[in-house]
Amino acid sequence: MIASLRVSDVTVLLEEDTKLEDVQARFAGKIGTQGDAGDSLSWLCLHGSDSTGPWVLWLESDEVDGPYVGGFQWRYVPRSAQFDRRCSALPGTTGVELPIDLRLGASEAGVIRTLGRPTSRRGDTLLYEHEHHELIRGEEFNSSNTVIVDVRRGVIWAIQVGKTTTN
């Protein structure tokens, strides 16, 4: 479903080629961390705005991802939100693009047109899960992609994506 995203002029390939430190080198900000071993999580916070309002993007890397970006959260925030210096502002009208027709501010009907019926739904949260097998350097791997979409008043308010590849 979603294995990449574009932030300004940078294509972020989930779990593959894009290191969290490389994105930080391009956009600044401070990488945050918490936990250790299987509970570890690192993230880089970036923010911007569009015609609907301000948004924040967290690029995430957990223990399984190693140094690579393995997922992200992209969500609108209240207009009164204050970002600290660790969360870098993207320049000008720079935004976030996904490889499919899915974005903040789009309609719920558009999500369903693009992704189909959700795997499950709880209230205004749509959950999509997709698994498939793929060959990587001649070895078979199981690739799992999770997309969680939060809807408010019929409009996409938040998108969370994770990708995990195991053998």
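The numbers here are math on the coordinates, done by the rules we state, and not lab data. Predicted, not measured: the structure shown is a model, and the values here were computed from it. Neighbour counts are summed over all protein chains in view; Cβ atoms, including those assigned to glycine, are modelled from backbone coordinates with ideal geometry.
A few remarks follow.
- Selection within region 130-167 - farther than 17 Å from residue 76 by Cα, assigned to a loop (DSSP other than H, G, I, E, B) and either of a type in the set (Asp, Glu) or touching a residue at least 12 places away in the same chain (Cβ under 8 Å) (or both): 167
- Considering residues of region 9-36 that are aliphatic (A, V, I, L, M) and assigned to a helix (DSSP H, G or I) only, the residue surrounded by the fewest Cβ atoms within 10 Å (Cβ to Cβ): 25
- Hits in region 116-154 - residues which are buried (at least 16 other Cβ atoms within 10 Å of the Cβ) and of a type in the set (A, V, I, L, M): 126, 147, 148, 149, 151
- Looking at 115, 104, 127, 98, just one residue is free of Cβ contacts under 8 Å to residues at least 24 places away in the same chain and under 19 Å from the mean Cα position of the chain (by Cα), and that residue is 127.
- Selection of region 106-129 for residues being assigned to a loop (DSSP other than H, G, I, E, B) and of a type in the set (Asp, Glu) yields only 124.
- Of all residues in region 70-89, at least one satisfies being surrounded by 15 or more Cβ atoms within 10 Å (Cβ to Cβ), in contact with a Ser or Thr (Cβ under 9 Å, 6 or more places away or on another chain) and either free of Cβ contacts under 8 Å to residues at least 12 places away in the same chain or closer than 24 Å to residue 165 by Cβ (or both).
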